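The values are calculated or read from the model by the stated rules, or taken from the named source; none is laboratory data. Computed from a predicted model, the values in this text were never measured in an experiment. Please note: Cβ atoms are built from the backbone with ideal geometry, for glycine as well, and neighbour counts cover all protein chains shown.
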Amino acid sequence: MISTDYRIRATAADGLLRAAAISLTATARTAQEIHQAWPVAAAAMGRLMTTAGHAGRRLERPVRSVDGRRAGRGTIRPGGGRGAG
């Protein structure tokens, strides 16, 4: 299956103007299925993954991972489970 996720970066004015657009819809849907998450929780996970991916790309030196944490008190899936595993 071809992924529909994408990342676009643009630079103008000798590097003074930068723009980025990121879409991780397919990845967020996969995470929702794996964790059996409610749609609202899946949207939050998608935003967190997008932010972590963008932050990781902006780091000065290569790293193996970027950690992201949620601060919610509720469950992410029906039945009160805390995810897969």
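Residues are listed down the side, and each one gets a yes or a no for (1) assigned to a helix (DSSP H, G or I); (2) surrounded by 15 or more Cβ atoms within 10 Å (Cβ to Cβ); (3) not polar (S, T, N, Q):
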| site | (1), (2), (3) |
| --- | --- |
| Thr11 | no, no, no |
| Thr27 | yes, yes, no |
| Gln32 | yes, yes, no |
| Val40 | yes, no, yes |
| Ala44 | yes, yes, yes |
| Leu48 | yes, yes, yes |
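How many residues does the range 13-25 hold that are assigned to a loop (DSSP other than H, G, I, E, B) and modelled with pLDDT of 85 or more?
1
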